[in-house]
Amino acid sequence: MIMHRRKKSARIRRAATVAATAGTLIALPAQAFAMHISEGILPASWAVLWYAVAIPFVALGLRELQRRSEELLYFKPLVGLVGAAVFIISCMPIPVPTAGTCSHPCGTGLAAILIGPGLTVVVASIALTLQALFLAHGGLTTLGANIVSMGVAGAYVGYGAYWIIRRLGLPWVMAAFLAGLLSDWATYAMTSVSLAAALHGGGSFSAMFSLILIAFVPTQLPLGIFEGILCVGALKFVRSRKPELLRMAAGGAA
């Protein structure tokens with residue numbers, strides 16, 4: 001009976017110790033590494049400016065969605081599927097300690113090849129809004145800047161790279177790889193521009209831009225290569241199963 005009581009007391013003490021340790025760890029402040037440009041980072045004037053830049057691209061994309069959905073009944077489900085892929089791909093954070101943020105793949109180069117750059121801006125906007133609301137990645141005041149970086153810059157640079165390479169008659173593998181690679185790097189170059197423009201204060205914009213861009217290099221350099229490989233693999237699958245999707249989206253430069 002005495003042994004039973006001792007064992008019970010020991011278990012209670014261990015449980016109390018574990019609970020106290022967990023509570024202490026939770027209460028301790030920790031550095032957060034949020035993806036995208038976080039809430040409150042940009043001054044109000046810059047937040048409004050980037051919204052003004054992003055809104056026309058989103059509007060054009062929505063108009064294109066309506067037009068193409070009337071022509072092809074299966075187009076909206078395709079856009080939804082690509083949007084889900086962009087959401088998942090861009091939810092893979094890798095901390096960048098020197099910048100206090102995270103790097104991550106984007107998926108917008110691949111999306112631009114499949115559904116075009118205009119619609120990629122739309123699906124990127126939806127993905128960024130959901131991530132800001134439910135995952136605390138990015139923010140609502142900085143949503144315009146994040147759309148311009150991941151949606152506009154990523155989509156149009158990736159699509160442009162793919163279209164030019166194919167028009168030159170070079171292999172689709174090269175076009176797909178460069179689309180994924182350059183769309184990723186363009187996103188982070190644009191993010192660096194947004195941050196440097198808003199935060200350089202009385203200092204040099206170019207110096208601030210260089211510092212932010214360099215901070216992303218250790219993670220974004222390999223991530224860009226990863227996105228290029230991912231884009232090649234995904235397009236290889238599409239080409240073998242439904243190549244007409246590429247001909248339709250890429251203006252025949254499949």
Total residues in region 186-211, condition touching a residue at least 12 places away in the same chain (Cβ under 8 Å), of a type in the set (Phe, Trp, Tyr) and surrounded by fewer than 20 Cβ atoms within 10 Å (Cβ to Cβ): 1
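Being farther than 26 Å from HIS36 by Cβ and within 22 Å of the chain's Cα centre (by Cα) narrows it down to one of ALA175, ALA186, ALA198, so name that one.
None of the other options fit; the residue is ALA175.
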One residue from THR141, THR129 being assigned to a loop (DSSP other than H, G, I, E, B), under 15 Å from TRP50 (Cβ atoms) and β-branched (Val, Ile, Thr): THR141
Residue count, region 144-172 (criterion: touching a residue at least 24 places away in the same chain (Cβ under 8 Å) and either in a loop (DSSP other than H, G, I, E, B) or under 13 Å from the mean Cα position of the chain (by Cα) (or both)): 11
Looking only at region 37-88, and only at residues there that are acidic (Asp, Glu) and in a helix (DSSP H, G or I), the one that is modelled with the highest pLDDT: GLU64
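The values are calculated or read from the model by the stated rules, or taken from the named source; none is laboratory data. On a predicted model such as this, the values are computed, not experimentally measured, just so you know. A quick note on method: Cβ atoms are made from the backbone with ideal geometry, for glycine too, and the neighbour counts reach across all protein chains shown.
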